[in-house]
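The values are calculated or read from the model by the stated rules, or taken from the named source; none is laboratory data. Just so you know, these numbers come straight off a predicted model, no measurement behind them. For neighbour counting, all protein chains shown are included, and Cβ atoms are generated from backbone atoms with ideal geometry for every residue, glycine included. Ligands, DNA and RNA are stripped out before the accessible areas are found, and what is left, the full protein with its side chains, is counted by its heavy atoms. Shrake-Rupley method; radii C 1.70, N 1.55, O 1.52, S 1.80 Å.
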Amino acid sequence: MAFLGRAARRLAAAVRPPSSASARIVARSYSSEHTKEKNVPYEKTLKQDGGSSGPTKPLPRAADVVVIGGGSLGCQTVYHLAKMGLTNVVLLERDRLTAGTTWHTAGLLWQLRPSDVEVELLAHTRNVVSKDLEEETGLHTGWIQNGGLFIASNKQRLDEYKRLMSLGKVYGIESHVLSPAETKDLYPLMNVDDLYGTLYVPKDGTMDPAGTCTTLSRAASARGAKVIENCPVTGVQVRTDDLGVKRVKAVETPHGTIETPCVVNCAGVWAPKLGQMAGVRVPLVAMHHAYVVTERIEGIQNMPNVRDHDASVYLRLQGDALSVGGYEQNPIFWDEVSDKFAFSLFDLDWDVFMQHIEGAVNRVPVLEQTGIKSTVCGPESFTADHKPLMGEAPEVRGFFLGCGFNSAGMMLGGGCGRELAHWIIHGRPEKDMYGYDIRRFHNSLTDNQRWIRERSHESYAKNYSVVFPFDEPLASRNMRRDPFHQVLTDQGCVFQERHGWERPGWFHKDGAAPVKDYDYYGAYETKKHVNYKYNELLGREYTFDFPPHHDVIKSECLSCRHGVAVFDMSYFGKFYLTGPDARKAADWLFTADVNKKPGSTVYTCMLNKSGGAEADLTVSRLEPGAADLPLAPPSDGDAYYLAIGGGVAEHNWNHIRTVLQDQGFRCRLADHSEDMGMISIQGPKSREVLQEVLDTDLSNEAFPFSTHKVVQAAGHQVRAMRLSFVGELGWELHIPKNSCLPVYRAVMAAGAKHGIIDSGYRAIDSLSIEKGYRHWHADLRPDDTPLEAGLGFTCKLKSSIPFQGRDRLEKQKQDGLKRRIVCFTIDEKVPMFGLEAIFRNGVPVGHLRRADYGFFIDKTIGYGYIRNPEGGVVSAEFIKSGEFSLERMGVTYKAKAHLKTPFDPENKRVKG
């Protein structure tokens with residue numbers, strides 16, 4: 001038998017000089033041999049000895065959907081498909097249900113996460129396993145509600161938990177911040193000497209993999225679904241339709257072929273191999289992920305599960321023992337993924353795992369004397385941002401992903417299974433699933449092995465880090481750089497990463513801070529960077545207060561408001577829509593009427609069938625004429641230039657392409673994002689600066705707001721657009737790649753006497769929220785309609801032109817809005833970042849989606865959607881008559897609700 005305490009000391013002695021505190025523990029006389037026992041702590045697993053004997057049911061000839069993989073996600077998806085009425089559904093599992101990853105999972109469920117959507121997904125999983133399945137089948141899933149305890153060893157960590165507590169109030173999730181003494185009363189075996197406080201969530205709990213998956217399959221089968229075990233998939237047939245679109249045709253197995261238009265890849269670490277069968281990229285990696293199970297511990301019974309993030313360890317109650325695991329800096333990659341690995345486990349690498357033991361022994365000292373009963377080290381799949389991969393693959397229609405769950409497949413399974421089922425049946429999920437959608441990654445990254453490996457490592461290593469409002473990855477940077485990158489680096493630009501692009505965040509006054517190659521945080525014998533200025537600047541952002549460079553961002557914002565600033569926005573997506581049906585397509589795709597005369601630019605939304613906003617963008621109608629790429633495309637009909645936020649360009653590209661395919665429009669969609677740069681010159685002095693650079697009259701009469709022209713800039717041809725993302729007089733210059741630097745230098749030279757400065761996206765975030773402009777996926781998501789988002793003016797509802805989602809908007813307009821976005825300001829100077837709870841007359845009615853500091857109005861400003869708690873319409877009167885407050889980290893602040901932006905509501909500045 002191995003003892004945790006002795007094992008920890010052996011490692012400490014090996015890696016630390018004898019003078020260190022952990023090496024001075026008095027030696028004891030018990031065994032230091034590590035256990036060789038490998039088995040999961042569950043009473044029941046679905047493992048079947050003696051090998052498979054062929055499929056457990058005959059294969060049907062055809063099915064509406066074939067789900068591949070019988071783990072948590074596969075079982076939840078088939079259950080929810082059947083529950084939503086799609087009964088001709090088949091689940092194929094190559095071995096037994098839960099094989100591969102699910103069977104050995106720890107099965108923890110924590111209800112609070114720093115994301116409103118994840119809180120909702122977790123709530124649904126909890127309902128399914130604790131209530132719905134038992135009511136439907138009469139079987140107990142193995143759910144145990146023993147509560148969850150988050151440990152804070154410092155103020156920042158407790159602040160993070162208080163943020164979660166405030167968000168939880170909006171969703172009715174009970175949680176309590178406890179002092180060290182109160183924590184000790186709740187969990188007598190815990191060492192609380194080094195605690196700052198804890199967050200206790202009484203209704204958290206644990207799930208049982210075998211019990212949950214068995215019950216799900218029973219419930220699905222009762223509704224007509226077929227769950228077939230011992231049936232591996234050997235191929236996925238794909239056909240090409242008359243429009244050249246690839247679509248799923250059938251699934252091949254050694255026991256027959258099933259014709260189907262829809263496959264769902266729930267194959268876990270084997271998902272990339274399944275994707276290859278259909279020509280689909282699945283960007284995930286497999287890693288060893290481990291925990292150990294202790295011997296019996298007296299007094300541990302009924303204790304809550306514990307997550308000590310700062311020690312990178314969790315302690316899961318396992319009857320009268322504990323499972324101990326966590327996330328390390330040097331996880332082991334499983335590069336040779338084997339098909340034979342069904343109910344197998346790896347040998348535990350103690351050198352890697354021991355970093356968790358010290359934290360566990362410190363938190364629960366009785367573990368020092370406790371033996372290890374068994375080890376559990378199995379494969380798990382991890383992704384570039386520690387979020388799952390879901391949705392329809394861009395390469396093949398009808399091929400859906402439900403994989404890459406980063407060891408959270410059990411707790412996210414119910415919510416994600418329901419959303420995936422809705423996606424398959426209705427063409428989109430019910431909730432905003434963009435954060436999990438495979439289309440959040442640019443297509444140039446999803447088969448880049450360096451990017452997948454580095455990012456997945458960093459996401460794994462940082463899984464227990466505090467989630468701060470502003471953080472950037474260090475892994476796989478400089479993947480996509482625009483022509484201004486080096487000159488801005490030299491000027492102290494601190495870059496942000498979006499979609500592989502390096503975009504300016506803010507400008508550091510003390511020299512260049514370039515982003516270096518990834519050092520794996522010193523793991524795998526990689527030399528860790530020293531004197532890494534970019535990383536040091538990021539570290540200063542790690543606060544829930546105003547960052548040290550708050551004044552730098554202020555100066556960038558106020559230079560724009562009072563003078564002139566230049567923003568490099570080259571990372572924007574730049575698409576051309578052309579072809580015989582381009583006008584028909586534009587009418588159907590865009591909520592606004594973009595068929596004004598050539599030379600016009602229109603701000604518009606694109607909707608899904610439910611009326612939710614899939615995008616906001618600008619669409620410029622082009623003059624028909626000769627092609628002059630990249631500024632003018634070849635066209636045999638109407639032509640449109642689309643400029644789209646770069647971080648969501650892949651999502652937008654796929655949305656447009658899917659609509660064109662579904663409607664059968666004869667159009668071409670061309671991507672010229674890499675061929676052009678774009679700078680935006682904004683502020684009251686922008687006209688004076690640009691008049692020296694552009695060879696055209698920039699007066700209001702000659703160049704009105706929301707128009708564009710191809711002009712000469714310092715001898716180079718550019719497309720100039722009079723637009724603003726910050727609420728000021730200004731122009732965007734869309735510039736062919738080779739002309740970018742000469743045009744930029746000409747602008748900076750002309751602006752020198754006007755005090756022109758470079759500004760970044762931190763300033764854009766502040767300026768845009770001050771003006772009330774929406775950011776897609778913050779203030780505007782696929783589950784928000786333009787009417788709810790205050791963007792009714794972008795919708796051509798007064799015309800008779802049909803567009804996607806129009807019927808839903810008309811019905812919503814008729815019925816009245818049950819939720820809508822509201823602007824709030826507070827008088828106290830405290831930072832807010834989003835997720836703060838909104839109260840009306842003391843009752844929670846929503847939360848902030850986005851918040852920032854508005855430097856011109858000198859107030860914290862936030863936007864959030866509010867509901868009427870009685871279910872009624874949210875009218876202007878409902879807003880005006882309420883007393884509002886915002887809760888930040890458990891402290892409430894009196895707030896003022898605004899029906900219009902408090903900054904320049906009449907657009908006088910934009911219109912010059």
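If you go through the range 891-912 and pick out every residue that is of a type in the set (Lys, Arg) and part of a loop (DSSP other than H, G, I, E, B), you end up with 4. Residues considered: GLY256, GLY244. Of these, the only one that is in contact with a Leu (Cβ under 6 Å, 6 or more places away or on another chain) and either modelled with pLDDT under 95 or open to solvent by 20 Å² or more (accessible area, probe 1.4 Å) (or both) is GLY256. Got at least one residue in the range 555-567 being of a type in the set (A, V, I, L, M, F, W, C) and either without any contact (Cβ under 8 Å) to a residue 60 or more places away in the chain or on the phi > 0 side of the Ramachandran plot (or both)? Scanning the range 555-567, I find no residue that is of a type in the set (A, V, I, L, M, F, W, C) and either without any contact (Cβ under 8 Å) to a residue 60 or more places away in the chain or on the phi > 0 side of the Ramachandran plot (or both), so the answer is no. Against the test of being hydroxyl-bearing (Ser, Thr, Tyr) and in the same structural domain as THR370 (by the TED database), the options THR294, THR257, THR253 yield a single qualifying residue, THR294.
Every test in (1) open to solvent by less than 10 Å² (accessible area, probe 1.4 Å); (2) closer than 24 Å to PRO869 by Cβ; (3) in contact with a Lys or Arg (Cβ under 8 Å, 6 or more places away or on another chain) is passed by VAL822 save one, and that test is (3).
Here is a yes/no grid of residues against (1) surrounded by 19 or more Cβ atoms within 10 Å (Cβ to Cβ); (2) farther than 20 Å from PHE793 by Cβ:
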| residue | (1), (2) |
| --- | --- |
| ALA585 | yes, yes |
| LYS596 | no, no |
| SER600 | no, no |
| THR604 | yes, no |
| ASP616 | yes, no |
| PRO624 | no, yes |
| ALA627 | no, yes |
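Within the range 29-43, the set of residues being in contact with a strand residue (DSSP E or B) (Cβ under 8 Å, 6 or more places away or on another chain) and either modelled with pLDDT under 75 or over 30 Å from THR212 (Cβ atoms) (or both) comprises TYR30, SER31, SER32, GLU33, HIS34.
Counting only strands (runs of 3 or more DSSP E) that fall entirely inside the range 159-239 and contain at least 2 residues that are under 31 Å from the mean Cα position of the chain (by Cα) and at pLDDT 95 or above, the qualifying elements are 176-178, 197-201. The residue that is most open to solvent (accessible area, probe 1.4 Å), counting only those in the range 843-859 that are touching a Leu at 6+ places or on another chain (Cβ under 7 Å) and in a strand (DSSP E or B), is HIS847.
Only one of the numbered conditions (1) surrounded by fewer than 24 Cβ atoms within 10 Å (Cβ to Cβ); (2) in contact with a Lys or Arg (Cβ under 9 Å, 6 or more places away or on another chain) is violated by LYS38, and that is (2). Scanning the range 722-741 turns up at least one residue that is touching a residue at least 24 places away in the same chain (Cβ under 8 Å), closer than 25 Å to ILE857 by Cα, open to solvent by 20 Å² or more (accessible area, probe 1.4 Å) and of a type in the set (Phe, Trp, Tyr). Would it be correct to say that ALA99 is open to solvent by less than 60 Å² (accessible area, probe 1.4 Å) and in a helix (DSSP H, G or I)? Judged against the criteria, ALA99 is not a match.
Across the range 534-553, the qualifying residues are those that are surrounded by 13 or more Cβ atoms within 10 Å (Cβ to Cβ) and not hydrophobic (A, V, I, L, M, F, W, C), and the one among them that is farthest from HIS485 (Cα to Cα) is THR543. Scanning the range 73-92 for residues that are in contact with a Cys (Cβ under 7 Å, 6 or more places away or on another chain) and open to solvent by 10 Å² or more (accessible area, probe 1.4 Å) yields a single hit, LEU73. Looking only at the range 468-515, residues that are outside any strand (DSSP E or B), touching a residue at least 24 places away in the same chain (Cβ under 8 Å) and either of a type outside the set (Ser, Thr, Tyr) or surrounded by 22 or more Cβ atoms within 10 Å (Cβ to Cβ) (or both) come to 25 in all. In the range 368-464, counting only strands (runs of 3 or more DSSP E) that sit wholly within it, the ones holding 1 or more residues that are of a type in the set (Asp, Glu) span 371-383, 389-392. Give me a count of the residues in the range 636-654 that are out of contact with any Phe, Trp or Tyr (no Cβ under 8 Å at 6 or more places or on another chain) and either open to solvent by 20 Å² or more (accessible area, probe 1.4 Å) or hydrophobic (A, V, I, L, M, F, W, C) (or both). Here the count works out to 3. For the range 827-838, filtering for residues that are closer than 11 Å to GLY864 by Cα and either open to solvent by 40 Å² or more (accessible area, probe 1.4 Å) or of a type in the set (A, V, I, L, M, F, W, C) (or both) leaves 3. Of everything in the range 193-222 that's among the aliphatic types (A, V, I, L, M) and in contact with a Gly (Cβ under 7 Å, 6 or more places away or on another chain), which residue is nearest to ASN154 (Cα to Cα)? The extreme case among them is VAL201.
Scanning the range 350-367 for residues that are at pLDDT below 95 and part of a loop (DSSP other than H, G, I, E, B) returns a single hit, MET354.
MET569 meets each of the listed conditions (1) under 26 Å from HIS485 (Cα atoms); (2) over 28 Å from the mean Cα position of the chain (by Cα); (3) surrounded by fewer than 24 Cβ atoms within 10 Å (Cβ to Cβ) apart from (2). Quick check: is even one residue across the range 688-709 in contact with a Pro (Cβ under 6 Å, 6 or more places away or on another chain) and touching a residue at least 24 places away in the same chain (Cβ under 8 Å)? No, there is no match, as no residue in the range 688-709 is in contact with a Pro (Cβ under 6 Å, 6 or more places away or on another chain) and touching a residue at least 24 places away in the same chain (Cβ under 8 Å).
Could you please let me know if GLY404 is at pLDDT 95 or above, open to solvent by less than 10 Å² (accessible area, probe 1.4 Å), under 14 Å from the mean Cα position of the chain (by Cα) and more than 22 Å from TRP110 (Cα to Cα)? In short, no. All conditions in (1) surrounded by fewer than 20 Cβ atoms within 10 Å (Cβ to Cβ); (2) in contact (Cβ under 8 Å) with a residue 40 or more places away in the chain; (3) among the polar types (S, T, N, Q) hold for ASN531, with the sole exception of (2). Comparison of GLU295, GLU229 shows that the only residue that is acidic (Asp, Glu), open to solvent by less than 30 Å² (accessible area, probe 1.4 Å) and either touching a residue at least 12 places away in the same chain (Cβ under 8 Å) or touching a Lys or Arg at 6+ places or on another chain (Cβ under 7 Å) (or both) is GLU229. State whether the residues of the range 292-314 include one that is in a strand (DSSP E or B) and under 30 Å from GLU395 (Cβ atoms). The answer is no; no qualifying residue exists. Of the helices (runs of 4 or more DSSP H) entirely within the range 729-840, those holding at least 1 residues that are modelled with pLDDT of 95 or more and more than 31 Å from the chain's Cα centre (by Cα) occupy 740-751, 806-815. Mind listing whichever residues of the range 614-635 are in a loop (DSSP other than H, G, I, E, B), small (Gly, Ala, Ser) and touching a Gly at 6+ places or on another chain (Cβ under 9 Å)? SER635, the sole residue that qualifies.
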